[in-house]
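Shown next, in structure tokens, is the structure this report addresses.
The values are calculated or read from the model by the stated rules, or taken from the named source; none is laboratory data. If you're wondering where the values come from, they're calculated on a predicted model, not measured in any experiment. Here Cβ is always computed from backbone atoms with ideal geometry, including for glycine, and neighbour counts include all displayed protein chains. Note: accessible area is taken over every heavy atom of the protein model, side chains too, but ligands, DNA and RNA are not part of it. Shrake-Rupley method; radii C 1.70, N 1.55, O 1.52, S 1.80 Å.
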Amino acid sequence: REAAMQALVALGDDALPMLMQVAGNPYKPDTLRHQAWQVIGRIGTLQALTLLASNLMTSWGEPRRWILRILLKLSDEQGLRRSADIDIALDGLGRQSVETLLNQELQFIGQLYSGLIDCGADKAPGDTFDWLRRALQDMQTDAMERMLMLMRFLYPSSTIQAAELSLEGSASSRARGLEILDNTLDIPAKRAILTLFEQSSMTATLTALTPLVTYKPMPPPERLRQLLTVRHFLSDWGLACCFHVARTERWSISADHVMASLRHPVGFVREAVLSYLDMASPRALESLLPLMAKDPNPLVADQVQKMMEKRLITT
């Protein structure tokens, strides 16, 4: 594999279209996609670096994390190892774009906190809700990590890394981390970012996020459907949990969300949707099962086969 990567690097810009076919395809394995992005970074031409920077604006979740790490590694290189074109690519990205990405992460965290409040243990007890709450908390942690990486494009990387290290420590250490951020940040979202990293209550954080996202209390079923409207931003497991909750609670989900999630590239999401349909719409499920009999994921294919045998359906 290393020899193949070196050969692609040697091709330079000519390899970029082939690499993008893999890197940008969500149906390819994550490991393969990640390595495709890494090769693009190793090619290191202005065209390759500009490609990375432009895809940062449209990527989400793990792909955004991959691209951030690659760009930051290239930006932090010293001496002769540092690409002459990395600054040009990052200048093309621009400060305003980085601030837009930070605001996007904050808006997403607002959606997560709204879900955690409206589907809290006092309002929505049960194991499947516990799964969903843990998934929402994990997504929040990931979003905060991406925010710290984004800040390194606006401010000295060592300063933000020092703040991040302090924020992971004791209460006094966290206070130092917050002080570093307070003295460093000069962007409109500064107050919201500081409140978030203070680990204040979710209510206080949502209040600080009001300029970006407005919290409106919703009953748990309505909040779940609201989360599904931002399903493209949810983690794979978080999306699957939404369907597991809907199945156990016997809540309705729109046909558009169901059909879109049946085409999800991750097998366990499709499994969750099929299990939901088994409860919510057996007739619709019967018409869909023959179409999914040859699902590329063996676990999903096995689930479909068992459902078809139970209903005496033949392909």
| task | Determine, yes or no, whether Ser54 is at pLDDT 95 or above, within 23 Å of the chain's Cα centre (by Cα) and among the hydroxyl-bearing types (Ser, Thr, Tyr). | result | no
| said: Out of the residues in segment 167-193 meeting the condition of being of a type in the set (S, T, N, Q) and modelled with pLDDT of 95 or more, tell me which one is nearest to Leu71 (Cα to Cα). | reply: Thr184
| request: Could you tell me whether segment 167-174 includes any residue that is in contact with a Gly (Cβ under 6 Å, 6 or more places away or on another chain) and open to solvent by less than 40 Å² (accessible area, probe 1.4 Å)? | output: yes
| query | Can you spot a residue in segment 240-250 that is at pLDDT 95 or above, open to solvent by 50 Å² or more (accessible area, probe 1.4 Å) and assigned to a loop (DSSP other than H, G, I, E, B)? | reply | yes
| Ile187 being outside any helix (DSSP H, G or I) and open to solvent by less than 20 Å² (accessible area, probe 1.4 Å) | yes
| said: Between a residue in segment 130-151 that is touching a residue at least 40 places away in the same chain (Cβ under 8 Å) and any residue that is outside any helix (DSSP H, G or I) and surrounded by fewer than 21 Cβ atoms within 10 Å (Cβ to Cβ), which pairs come within a Cβ distance under 6 Å, given they are 6 or more apart or on different chains? | reply: Met139/Ser235
| field | Failed item, numbered, when Val258 is tested on (1) in a helix (DSSP H, G or I); (2) free of Cβ contacts under 8 Å to residues at least 60 places away in the same chain; (3) open to solvent by 40 Å² or more (accessible area, probe 1.4 Å) | value | (3)
| task | Determine if segment 226-233 includes at least one residue that is under 23 Å from the mean Cα position of the chain (by Cα), surrounded by 13 or more Cβ atoms within 10 Å (Cβ to Cβ) and free of Cβ contacts under 8 Å to residues at least 40 places away in the same chain. | result | yes
| note | Within segment 5-36, residues over 17 Å from the mean Cα position of the chain (by Cα), of a type in the set (Gly, Ala, Ser) and surrounded by 13 or more Cβ atoms within 10 Å (Cβ to Cβ) come out as Gly12, Ala15, Ala36
| query | Inside segment 289-315, can you point out the residues that are aliphatic (A, V, I, L, M) and farther than 24 Å from Tyr27 by Cα? | reply | Met307, Met308, Leu312, Ile313
| field | Positions within segment 275-315 being open to solvent by 40 Å² or more (accessible area, probe 1.4 Å), assigned to a helix (DSSP H, G or I) and in contact with a Gly (Cβ under 9 Å, 6 or more places away or on another chain), in sequence order | value | Pro298, Leu299
| Among the residues of segment 152-175, is there at least one that is outside any helix (DSSP H, G or I) and more than 30 Å from Leu52 (Cβ to Cβ)? | yes
| said: Leu49 - would you say it is within 30 Å of Val266 (Cβ to Cβ) and either of a type in the set (Gly, Ala, Ser) or out of contact with any His (no Cβ under 6 Å at 6 or more places or on another chain) (or both)? | reply: yes
